[in-house]
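Enquirer: Below you'll find the structure I mean.
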Amino acid sequence: MAEKLVVIGGNAGGMSAASQARKRRGRDDLEIVVFERGHFTSYSSCGIPYWVGDVVDGPDELVTRRPEVFRAEYAMDVRLRHEVTAVDLGARRVTARDVDTGEVTHEPFDQLVYAPGASPIRPDWAVGDLAGVFGQQTLDDGADLRDWLAGEPAPRTAVVVGGGYIGVEMAEALVRRDLQVTMVEKLPQPMSTVDPDMGALVREAMCGMGIDVRTGVAVEALAGKHGRVSAVVTDAGRLPADVVILGLGVRANSALARAAGIPVGPTGGVVTDRRMRAGDGVWAAGDCVETLNRVSGRPVYVPLGTHANKQGRVAGINIGGGYATFPGVVGTAVTKVCDLEVGRTGLLERDAEAAGFDFVTATVRSTNRAGYFPGAAGMTVKMIAERRTGRLLGAQVVGRAEAAKRIDALAIALWNEMTVEEMSGLDLGYAPPYAPVWDPVLIAARKTADAVQR
Ligand SMILES: Cc1cc2nc3c(=O)[nH]c(=O)nc-3n(C[C@H](O)[C@H](O)[C@H](O)COP(=O)(O)OP(=O)(O)OC[C@H]3O[C@@H](n4cnc5c(N)ncnc54)[C@H](O)[C@@H]3O)c2cc1C
């Protein structure tokens, strides 16, 4: 008799796992049932800000594989609009509720993939019935926001609360929709995924786009009129808001796992081994899990699509009878605001401190191309290295064209535990349209190596 695999969550983590398992095991060997709460499978949440900002079309364009394709070509029983409400490891079954009809069903499993992702953080002041307050995680969230922006009365003012990368991307999207946008951030600078000195450059770019950036400001409440949000009340005054975006980060959807006795770590993410196994016949992947930071050696929560896809693939290969492991992360991420690109990898200064490293930093300002070449623009590179050994611990790059992807070279150096001295001699590509003769990465490595030797 075929084994049954039940998958909770129909996006990156869940469907990567299901697809890999199917590739290795035919329908007679493995029955696959997928529960997805929303309307879509295998979609790009990463594309939501660009869809909201009318840079790309959607939602169909953001869907990699539709449920009909999974049903017809992958022989999966995909149940949309079905929310799993409980996992019973003893009885080896899940309980699911049809979101539209309320009907409750039970589904037995031999293998379980737990991949319900994460939810935007919603502080007490954001809990209530006011319409016009949005977190962004799923394609359905993006669709709801677009409906609101297109509705009547047309929203004219927006407040984005929280200056993480999703907040920054959404603020830009709303500017593109001609809204008057204010960002409120408790910290001294937006983009807390880079050090504050680099965040200051992001702030400059945001202000340049006409975004009113208020830092060091805390939100206390929301105000509304006729059931719609109308203002955000902060400790520094009241800001008009026809729409509010919560950009305060996300929390792993690990409550079901915790209730079922699946281990949840201090970061709030499900704990897995290297093969993405969270228990006997239980696998987990994506925004619901914690992972290993290869630089600090600590468990971290890094909810990114790039990891969710890889982790799901690893789980699926193992379910399919193969062998695969997820090696952990070094903390690489890129984004942009207007034409300013931002990349980071490894530890920030505060992470290096928390991990107990004694470190040095160096920051260089150079250009993305030869200074005389058309389109040459400024680029700032910051590096953090261990003082005793000179090992690279982290790097950040902020600048115009081709800044963000320079972080990949730095990520590879970090992954391979190179020292900044070694990096300063790296054989990187040079031609005037792509770099100055001394690439900013090489200059930064050299300067950091000097700081190590001092
Ligand atoms: C606006 C935005 C921009 C982003 N940009 C980037 C980027 O540029 N680069 C990057 O690497 N990452 C980015 N990410 C993060 C990336 O989208 C996520 O890391 C990725 O989607 C995680 O995949 P997942 O499958 O683990 O979780 P999700 O994408 O959250 O999918 C989980 C699915 O499970 C469903 N679900 C939840 N609970 C249940 C339940 N109880 N029963 C049934 N179904 C359930 C949900 O409806 C959802 O469809 C971005 C995210 C957002 C929101």
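The values are calculated or read from the model by the stated rules, or taken from the named source; none is laboratory data. A quick note: this is a predicted structure, and the numbers were derived from the prediction, not measured. Glycine gets a Cβ as well: all are built from the backbone with ideal geometry, and neighbour counts include every protein chain shown. For accessibility, only protein heavy atoms count, side chains too; no ligands or nucleic acids. Shrake-Rupley method; radii C 1.70, N 1.55, O 1.52, S 1.80 Å.
Enquirer: Could you work out the pair-distance distribution P(r) of the stretch 60-111 from its alpha-carbon pairs, with 10 angstrom bin width and percents rounded to whole numbers?
Expert: 22, 38, 35, 5, 0
Enquirer: Now a separate question. Could you give the longest part of the chain that holds none of the chymotrypsin sites (Phe, Trp or Tyr not before Pro) found in DSSP loops with at most 10 neighbouring Cβ atoms within 10 Å?
Expert: With a cap of 10 other Cβ atoms within 10 Å, the longest stretch comes to 1-322.
Enquirer: Of all the C-alpha pairs in the stretch 1-101, what % are more than 22 Å from each other?
Expert: Considering the stretch 1-101, 36 percent of its Cα-Cα pairs are separated by more than 22 Å.
Enquirer: Can you give me the orientation-averaged projected area of the convex hull built on the Cα atoms of the stretch 376-443, in nm²?
Expert: Average of the hull's projected areas for the stretch 376-443 equals 4.2 nm².
Enquirer: Which semi-axis lengths, in whole Å and largest first, follow from the square roots of five times the eigenvalues of the Cα gyration tensor of the stretch 268-310?
Expert: 16, 12, 9
Enquirer: When the Karplus curve 6.51 cos²θ - 1.76 cosθ + 1.60 is applied with θ = phi - 60°, which whole-Hz ³J(HN,Hα) does each residue of the stretch 91-104 get, with x for Gly and Pro?
Expert: 7, 6, 8, 10, 10, 10, 10, 6, 4, 8, 9, x, 5, 10
Enquirer: Have a look at the stretch 330-454 and give its Rg and Dmax from the Cα atoms, expressed in angstrom.
Expert: Rg, Dmax (Cα atoms, Å): 13.7, 44.
Enquirer: Turning to a different aspect of this structure: Taking only the alpha-carbon atoms of the stretch 104-174, what semi-axes of the equivalent ellipsoid follow from 5 times the gyration tensor eigenvalues under a square root, in whole Å, largest first?
Expert: After scaling each eigenvalue by five and taking roots: 30, 16, 13 Å.
Enquirer: Report the rotationally averaged projected area of the stretch 1-47 based on its alpha-carbon convex hull, in square nanometres.
Expert: Averaging across all directions leaves 3.4 nm² for the Cα convex hull.
Enquirer: Can I ask one more? In the calculated pair distance distribution of the stretch 227-310, what percentage of Cα-Cα distances lie above 22 Å?
Expert: That tail contains 42 percent of the Cα-Cα pairs.
Enquirer: At q = 0.10, 0.21, 0.24 Å⁻¹, what log₁₀ I(q)/I(0) does the stretch 180-270 have when each alpha carbon counts as one equal point scatterer in the Debye sum?
Expert: Cα-only, vacuum Debye calculation for the stretch 180-270: -0.40, -0.99, -1.13.
Enquirer: Another question about this same structure. Given that compact globular proteins tend to follow 2.2 N^0.38 Å, what is the ratio of the alpha-carbon Rg of the stretch 285-393 to that value?
Expert: It is 1.36.
Enquirer: Just to verify a number: FRET efficiency for GLU353 and ASP28, C-beta to C-beta distance, R0 = 51 Å, to 0.05?
Expert: That pair, GLU353 with ASP28, gives E of 0.40.
Enquirer: How would HIS106, HIS307 rank on accessible area, largest to smallest, probe 1.4 Å?
Expert: If we order HIS106, HIS307 from most to least accessible, we get HIS106, HIS307.
Enquirer: Per residue, how much accessible area does the chain show when a 1.4 Å probe rolls over the protein heavy atoms, in square angstrom?
Expert: Computed with neighbouring chains in place, this is 43 Å² per residue.
Enquirer: Now for a separate question. With only alpha-carbon atoms in the gyration tensor, what are the semi-axes of the equivalent ellipsoid for the stretch 127-227, in Å, largest first?
Expert: Gyration-tensor ellipsoid for the stretch 127-227: 24, 15, 13 Å.
Enquirer: Only sites in a loop by DSSP and with at most 13 other Cβ atoms within 10 Å count here; which trypsin sites (Lys or Arg not before Pro) in the stretch 119-186 make the cut?
Expert: When the trypsin sites (Lys or Arg not before Pro) of the stretch 119-186 are filtered for loop state and at most 13 Cβ neighbours within 10 Å, ARG156 remain.
Enquirer: Evaluate the Debye formula for the stretch 314-370 with equal point scatterers sitting on the alpha carbons, no solvent, and hand back log10 of I(q)/I(0) at q = 0.26, 0.31 Å⁻¹, in q order, two decimals.
Expert: -1.12, -1.20
Enquirer: Apply the Debye scattering formula to the chain, with a single equal point scatterer on each alpha-carbon and no solvent, then give log10 I(q)/I(0) at q = 0.07, 0.09 Å⁻¹.
Expert: -0.39, -0.65
Enquirer: What's the Kirkwood radius of the stretch 154-306 in Å, using all Cα pairs?
Expert: After inverting the pairwise mean of 1/r, the radius is 17.4 Å.
Enquirer: Hey, another quick one. Using DSSP to define loop residues, name the trypsin sites (Lys or Arg not before Pro) in the stretch 366-427 whose beta-carbon has at most 11 other beta-carbon atoms within 10 Å.
Expert: Hits after loop and neighbour filter: ARG388.
Enquirer: When the dipole is taken about the Cα centre of the stretch 192-281, and only Lys, Arg (+1) and Asp, Glu (-1) are charged at their Cβ, what size is it in debye, to the nearest 20?
Expert: Rounded to the nearest 20 debye, it is 400 debye.
Enquirer: Determine, for the chain, the count of lysine pairs separated by eight or more sequence positions (or lying on different chains) whose alpha-carbon distance falls under 28 Å.
Expert: 14
Enquirer: Over all distinct Cα pairs, what is the inverse of the mean 1/r for the stretch 52-209, reported as the Kirkwood hydrodynamic radius in Å?
Expert: The answer is 19.0 Å.
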